[in-house]
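Colleague: Dropping a structure here in structure tokens format, bear with me for questions.
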Amino acid sequence: EGILAASRGDLVTAHAAADAVGAAARQTGAETLLALSDLVRGLALLADGSVEAANELLRPRCTAVGADGPVAVSQALLPLYVDAAVPVGRVDDARRAVDAYERLARRWRSPTLAASLAYVRPLVADDEHAEAAYLGGLEADLARWPFLRARLLLAYGTWMRRRRRAVESRVPLRAAREACDA
């Protein structure tokens with residue numbers, strides 16, 4: 001309920017759901033539920049434009065890969081963390097986290113992690129390699145993650161616009177809008 005509410009911009013419901021899950025998880029010590037609470041809260045913070053707060057919330061979960069913790073949830077948190085870290089100038093932190101997840105992906109072979117990495121690679125790439133990373137991400141099998149694919153299309157179109165490629169940017173931006181509408 002919280003993830004859907006945050007995705008739709010219903011921040012009151014999202015925060016209430018995160019609070020309820022977090023409170024129950026703290027009582028039982030259920031680290032996976034605490035991570036899920038952070039996922040909902042991070043998504044709500046990003047939806048609200050509170051990028052710095054989202055970065056502060058998500059960084060500990062995504063930069064401690066390999067430590068004991070809910071890796072299954074943190075792999076889904078990675079895109080949110082990178083979305084929060086890059087705009088506040090924490091690209092190097094985000095790159096280190098992505099590198100750690102890349103190493104984990106070689107061992108773990110998780111489809112969710114592969115999808116998350118397809119999304120974040122271009123966001124942390126340097127200018128010379130960004131477009132190839134965007135195209136590689138869009139070639140990845142993201143059929144089970146349509147919202148992630150829509151976000152990738154939006155990021156690619158935005159990246160093109162910043163490089164004064166407005167006409168070219170219309171294709172991915174239109175596809176992103178259609179995917180979100182769907």
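Colleague: Could you give the Stokes-Einstein D for the stretch 1-88 in µm² per second, using the C-alpha Kirkwood radius, 25 °C, 0.890 mPa s? Mind dumping the intermediate values first?
Modeller: Numbers: Rh = 12.7 Å.
Approximately 194 µm²/s, per Stokes-Einstein.
Colleague: Would you kindly state how much longer the chain becomes between R96 and R162 on full extension, computed as 0.36 nm times their sequence separation minus their alpha carbon distance, in nm to one decimal? Intermediate values should be presented prior to the final figure.
Modeller: Working: separation 66, 0.36 × 66 = 23.76 nm, distance 2.47 nm.
That pair, R96 and R162, stretches by 21.3 nm at full extension.
Colleague: Quickly work out the V88-to-R170 label distance, labels modelled 7 Å from Cα along the C-beta direction, and quote it in nm with one decimal.
Modeller: Once both label points are built, they end up 3.7 nm from each other.
Colleague: Quick one: grab Rg to one decimal and Dmax as a whole number for the chain, Cα atoms only, in Å.
Modeller: For the chain, the Cα-based Rg and Dmax read 16.1, 54 Å.
Colleague: So for the stretch 104-170, what are the equivalent ellipsoid semi-axes in whole Å, largest first, each being the square root of 5 times an eigenvalue of the Cα gyration tensor? Intermediate values should be presented prior to the final figure.
Modeller: Values: eigenvalues 107, 36, 11 Å².
Semi-axes from the Cα gyration tensor: 23, 13, 7 Å.
Colleague: Something else now. What FRET efficiency would be calculated for the residue pair D126, E52, taking the C-beta separation as r and a Förster radius of 25 Å, to the nearest 0.05? Numbers along the way, then the final one.
Modeller: On the way: r = 23 Å, r/R0 = 0.93.
Once rounded, the FRET efficiency stands at 0.60.
Colleague: Further question: Please give the length that would be gained between R26 and R144 if that part of the chain were fully extended, namely 0.36 nm times their separation in residues minus their C-alpha to C-alpha distance (nm, one decimal).
Modeller: Values: separation 118, 0.36 × 118 = 42.48 nm, distance 3.12 nm.
Contour length minus the Cα-Cα distance gives 39.4 nm.
Read the figures in this text as sums done on the coordinates, not as results from a lab. Just so you know, these numbers come straight off a predicted model, no measurement behind them. For neighbour counting, all protein chains shown are included, and Cβ atoms are generated from backbone atoms with ideal geometry for every residue, glycine included.
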